[in-house]
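*Asks:* This is the structure, below, for whatever I ask next.
The values are calculated or read from the model by the stated rules, or taken from the named source; none is laboratory data. These numbers were taken from a predicted model, which means no experiment stands behind them. All Cβ positions, glycine included, derive from the backbone under ideal geometry; neighbour counts span all protein chains shown. SASA here: full protein model, heavy atoms, side chains in, ligands and nucleic acids out. Shrake-Rupley method; radii C 1.70, N 1.55, O 1.52, S 1.80 Å.
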Amino acid sequence: MRYPFEKHFLVCGGPRCNNPDRGDERGEIIRAELKDLNKKMGRKPTVRVCSVSCLDLCDHGPNMIVDGTVYSHLTRETSKDVYRGVMGDGPRRDDLQLSEEEFREGSSTAKKT
């Protein structure tokens, strides 16, 4: 069986992206609001908004991955802008993508080629 969902929005729920010091602009709140938006748009049967334990991109968070693209320094509003852009409901927000240069300068242990 092929997995029945078209898109996945993976929101980091790691300790730094989800730090309570971020107030309402932390991972768990971003994920909850995106889930609500996804449901309101009627896409729950085909699009999933999920949390992941950590994306190891802590220097750049809160972070979200969609189709292999990393979006960083997110807020509740900019994450919704990303969703709308990816789903064709608004302009794309490529300006919120994590740049290669910023990634290389960060402390992530992810492979830096």
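*Asks:* Considering the chain, which cysteines have no disulfide-compatible partner, defined as another cysteine with its Cβ under 4.7 Å away?
*Replies:* For the chain, the answer is Cys50, Cys54, Cys58, because their Cβ atoms have no other cysteine Cβ under 4.7 Å.
*Asks:* I'd like to check one number: the per residue accessible area of segment 9-113, probe 1.4 Å, reported in Å² as a whole number.
*Replies:* 54
*Asks:* Could you run the Debye sum over the Cα atoms of segment 9-113, one equal point scatterer each and no solvent, and tell me log10 of I(q)/I(0) at q = 0.17, 0.21 Å⁻¹, two decimals?
*Replies:* -0.73, -1.08
*Asks:* With a 10 Å radius around each residue's Cβ, average the other Cβ atoms per peptide and rank 60-72, 19-31, highest first.
*Replies:* Result, highest mean first: 60-72, 19-31.
*Asks:* Right, another one. Add +1 for every Lys or Arg and -1 for every Asp or Glu among the other residues with Cβ under 15 Å from the Cβ of Pro91, and state the total.
*Replies:* -1
*Asks:* Can you tell me the dipole magnitude for the chain around its Cα centre, using point charges on the Cβ only (Lys, Arg +1; Asp, Glu -1), in Debye to the nearest 20? Walk me through the numbers on the way to the answer.
*Replies:* On the way: 20 positive and 19 negative charges, 137 e Å.
Around 660 debye, computed over the chain.
*Asks:* In debye, nearest 20: dipole of segment 43-103 around its Cα centre with unit charges on the Cβ of K, R (+) and D, E (-)?
*Replies:* 600
*Asks:* Now a separate question. Summing -39500 (n - 2.57) over the DSSP H runs of n ≥ 4 in the chain and dividing by its residue number, what mean residue ellipticity at 222 nm do you reach, to the nearest 500 deg cm²/dmol?
*Replies:* Value at 222 nm, helices only: -8000 deg cm²/dmol.
*Asks:* I've got another one for you. Find which of Met1, Cys54, Met64 sits farthest along the positive direction of the dipole of the chain, computed with +1 on the beta-carbon of Lys and Arg, -1 on that of Asp and Glu, about the Cα centre.
*Replies:* Met1
*Asks:* Carbon and sulfur atoms: what percent of the 1.4 Å accessible area of the chain do they account for?
*Replies:* Working: 3140 of 6580 Å².
Using a 1.4 Å probe with all protein chains present, the chain comes out at 48 percent carbon and sulfur.
*Asks:* While we're looking at this one, here's another question. HN-Hα J couplings of segment 94-102 from phi, Karplus 6.51/-1.76/1.60, θ = phi - 60°, integer Hz, Gly and Pro as x?
*Replies:* In residue order, the calculated couplings are 5, 5, 8, 6, 5, 7, 4, 4, 5 Hz.
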